[in-house]
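The block underneath contains the structure these notes are about, expressed in structure tokens.
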Amino acid sequence: MSHYAVEIDLDHRNTSHVQVIDLAESAASAGSGKRVLDVGCWTGEIGRILTERGCTVTGIEIDSEAATLADKVLDKVVVADLDVTPLTEIVEPGSFDVVIFADVLEHLVDPRAALEQARDLLAPGGRVVISIPNVTHGSVRLALLQGRWQTTDTGLLDRTHIKFYSREGLLQLFTEAGYAVEDLRGTTADPLNVEVSVDPGLLPEVAVEWVRQQPDALVYQFQLAARPLADGEVPPAAPELVQAAPADEVRLRDVHTQKFEEVTRSRLATRDHILGIQASANSAQARVGTLSKQLREAREVNRRRRERIERLRGKVAGLEADLTYATRHPVRNFGRRVVRRLRRAAQG
């Protein structure tokens, strides 16, 4: 029982418990007198803080020993197994402003059914608040690259987990269960700074840092608040994920970072060199195009010149023929010239 015990530090916002408490308090029906159902309440730590803040908290817990401890700090605790008994048979429908599933859905055989039942438990304006591990966290990705799937007592690969969710899968689950997600958050942790067993030495030298930079790779757990969809309502687009701690605050800078940056710089230098060669080739190609055009224009000029030369040669040949005729027949030519002059004089 004790391996799930937790002390909640409200000053440490990068934890799922603090995020769940914040989401529960900021629900649309927020108020000092909110009625809260904490499903899987364990020893009642979340409920205790909400009770201190004016909420009335009922807990449901499968572990009787944990339930006994929770009963000391919550208004009511029911021992029940959600895989056996529906929520609507455990508590009164329509009697809660907030229903919390903090690290619970992944342990259920049918989490969608539990969420559908939770809709009936909500009063008007009520919200469901959950936290759930992110199976696409970088540590799991790196472990799978090494062929590892080693379960642990707690954490992302808790051996009692039945279901595993990525962001996409989680949002799809809520859509199918009839909810509109209004607030989506994520606690963050570096892939080499969690409980999942990873041996970076067995991975390609840039794999760790590359994984760190992938979407949701630093999101350790998701938290969200959702409302039931109205009849006939089309599910709205999911909100942007807000990280409890910025990636730069949790991402480690180590030898993997250094090697990745070195390789990146080398690749960028190679890319720039290739781009330079391409630019030179493009410039040369453009120059070739210009020279080709000039060559075509010069050929056209030469063609016209040759045609003109041929025409001039023809005229010269005609003149040479006339000169030869005149030389051979001077009298006849003299008579013809006299006749032409008399005609011009008569016409004048």
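What the table below lists for this structure:
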quantity: Probe 1.4 Å, accessible area per residue of region 1-129, Å²; calculated: 43
quantity: Surface per residue (accessible, 1.4 Å probe) for region 173-258, Å²; calculated: 47
quantity: Share of carbon and sulfur in the accessible heavy-atom surface of the chain [1.4 Å probe, %]; calculated: 52
quantity: Ranked packing of 51-63, 99-111, 295-307, most packed first, by mean Cβ within 10 Å; calculated: 99-111, 51-63, 295-307
quantity: Residue-span extension gain [Ser266 to Glu176] - 0.36 nm each, minus C-alpha spacing; calculated: 27.7 nm
quantity: Protection proxy ranking, peptides 82-91, 64-73, 186-195, 144-153, average beta carbon neighbours within 10 Å, highest first; calculated: 186-195, 64-73, 82-91, 144-153
quantity: Charge dipole (debye, nearest 20) of the chain; +1 at Cβ of Lys and Arg, -1 at Cβ of Asp and Glu; calculated: 7920
quantity: Hydrodynamic radius (Kirkwood) for region 92-162, which is based on Cα pairs only, to one decimal in Å; calculated: 13.9
quantity: Contour excess over end-to-end distance, with Cα ends at Asn193 and Val84 and 0.36 nm allotted per residue; calculated: 35.5 nm
quantity: Region 172-253: equivalent-ellipsoid semi-axes (sqrt of 5 x gyration tensor eigenvalues, Cα, Å); calculated: 33, 13, 10
quantity: Along principal axes, Cα extents of region 1-131, largest first, whole Å; calculated: 36, 35, 25
quantity: Gaussian network model of the chain, springs between alpha carbon atoms under 10 Å - residue of Leu157, Leu224, Leu268 with greatest fluctuation; calculated: Leu268
quantity: Estimated inter-spin distance, Glu240 and Gln285, nm [label 7 Å along Cα→Cβ]; calculated: 4.0
quantity: Dipole-positive endmost among Leu312, Val135, Pro111 within the chain (Cβ charges, Cα centre); calculated: Leu312
quantity: Of Gly94, Gly289, Gly138, the one that fluctuates the most in a GNM where the chain has Cα springs shorter than 10 Å; calculated: Gly289
quantity: Cα→Cβ-extended label distance, 7 Å offset, between Glu7 and Arg53, nm; calculated: 2.1
quantity: Scattering profile of the chain at q = 0.07, 0.10, 0.13 Å⁻¹ [log10 I(q)/I(0), Debye over alpha-carbon scatterers]; calculated: -0.47, -0.73, -1.02
quantity: Chain lengthening between Glu249 and Arg343 when straightened (0.36 nm per residue, less Cα-Cα); calculated: 22.4 nm
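The values are calculated or read from the model by the stated rules, or taken from the named source; none is laboratory data. Values in this document were obtained by computation on a predicted structure and should not be read as measured data. Cβ atoms come from the backbone with ideal geometry, glycine included; neighbour counts cover every protein chain shown. When the accessible area is computed, the model is the full protein with side chains, heavy atoms only, and any ligands, DNA or RNA have been set aside. Shrake-Rupley method; radii C 1.70, N 1.55, O 1.52, S 1.80 Å.
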